[in-house]
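Below is one structure, written out as structure tokens, with a few remarks after it.
Read-outs: derived from the displayed coordinates by stated rules, not from any lab. All values derive from a computational prediction rather than experimental measurement. All Cβ positions, glycine included, derive from the backbone under ideal geometry; neighbour counts span all protein chains shown.
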Amino acid sequence: MMNQATFQRDYPGIRSILSEILFPVFGETAPLNEDVITRPELRQQATDAKIEKITRIAGYTLDGAPFDVFDVQLSSSVELSRNRVAIKRLLVSQEDVFSSSLIFFHYGDARNREWRISYFAKGRGNTDTTAAKRYTFLCGKSHGCRTVAERFELLRREPVKTRDALTKVFSVETLNKEFYQKLANWFFWALRVVRFPEGETDHEKNAVPLIRLITRVIFVWFMRKKHLVPDQLFDRGFVDSILKPGCDDSAYYRAILQNLFFATLNTEQTDPEARKFRIAERHRGRNEQYHIYSVYRYEDFFTDDGKARFLELMRDIPFLNGGLFSCLDENETDTPVDAFSDQAARRKLLSVPDELFWTTEEEHRRVDLNEAYGDDRHGSEPVVGLVTLLDQYNFTVDESSRDEATVALDPELLGVVFETCWRATTRKRKPRRANRRDRSTLRVRSWITWSRKV
């Protein structure tokens, strides 16, 4: 069985690629060590693309046509994600060499660097004039490699290896469908256990704030990909080390996520009064910082050392000028919506249990979702926490094109997630127009554009 650790490590070298990936999937064959950069024009193109070596390491036959495997070593001075155009130009110009091939891209200095597995597909046969397309998996220590391991395991089990089977392995559409199904299971599970002020008297009304939560978390996940939000905020070990044990059953959502959303991402770094904990002196839960959402709440959840570490971690997170992370608590009417509050009475209006974020596959959690799906085929659906789920997938901010796709989740899914969840919550009742609170999550397209530019 293909092991996730095989892909979630530094580039292992040609010998390990052959023995741990290629031979188990395609069968053993005589290893090759053929230098492909021999023609002068190809050598110049390789130089332009910052490629140091191209080696053909194995040859197979798929659908009666040659199927070769190449190892491509890149200069350590170039970022692979920023050199895609030059690499693509080389591959397309040399279709006679690379057509229908598997290519392992890596750096000469492979330590702590990502590597990629690309399938270069040219139609269904030698007479097919369809433009070639490159599909890519991201590998390495910084990527979630569960999907690539699962896909190669499925290919290993195929009795006859074909181009169609290989294309399915590298299908972005299959990845998206799988992710949406798991996220839908999480959404319907969470809908049964969360409590927001909007749903205090009508549980179905919890759906809208839950969609807001999903949208905010996934957008932050893409920011994390850009290294704008630190990984530690999604590391359970770190979170547990800065929060007091048993301080609250919704401690992660309150102390970490709400403080991140409202008092960090929605707060300018230059504000001298912001990104600090709310002053302690208050009367009946109120002081001059009541309704001021640029200061942190839940100070009592943190250990003394944890509070200092938290403040240090949040200091460099950028301010986002937009409505997605605005706290929606109504000041004029004193009506809680997000319930970002230190008041004991308001805390009772909100419950987003920690298990919704941290539940792992090893816990084998299953829930009956027949009622949610409206059938009898979902009586025992597996669910994991939202952080656990997102950790299983690669997220990319590289925009796929018609002839090149990274097998990862990209910012476009924000819109699909919102629309899918919105339809799910309105199918049992008459649809209504989105109000001001709903529209805070409808700004998805502008956020997608922002994520492409940062």
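Using the eigenvalues of the Cα gyration tensor, what equivalent ellipsoid semi-axes result for segment 4-170 when each is taken as the square root of five times the eigenvalue, whole Å, largest first?
22, 21, 15
Among I103, I279, which comes first, then next, by fewest other beta-carbon atoms within 10 Å?
The most exposed by this proxy come first: I279, I103.
Mind putting together the pair-distance distribution for segment 152-275? All Cα pairs, 10 Å bins, whole percent per bin, short to long.
10, 27, 31, 18, 11, 3, 0
Ranking D354, D316 by Cβ neighbours within 10 Å, fewest first, what do you get?
D316, D354
Going by how many other Cβ atoms sit within 10 Å of their own, how do R278, R365 line up, fewest first?
In order of increasing Cβ crowding within 10 Å: R365, R278.
At 7 Å along Cα-to-Cβ for each site, give me the label-to-label distance between N33 and Q269 in nm.
Result for the modelled spin labels: 5.0 nm.
Compute the normalised compactness of segment 1-86: alpha-carbon radius of gyration over 2.2 N^0.38 Å, N being the residue count.
In units of the globular-protein estimate, segment 1-86 measures up at 1.23.
Give me the percent of DSSP beta bridges within segment 4-170 that run antiparallel, rounded to the nearest 5.
On the way: 24 of 31 bridges.
Bridges in segment 4-170 that DSSP calls antiparallel: roughly 75 percent.
Trypsin sites (Lys or Arg not before Pro) within segment 181-270: which are DSSP loop residues with at most 13 other Cβ atoms inside 10 Å?
K226
Of K141/K226; K141/K168; K168/K225, which ones are farther than 22 Å apart at the Cα? Write down the numbers at each step before the final one.
Details: K141/K226 16 Å; K141/K168 25 Å; K168/K225 26 Å.
Over 22 Å Cα-Cα: K141/K168; K168/K225.
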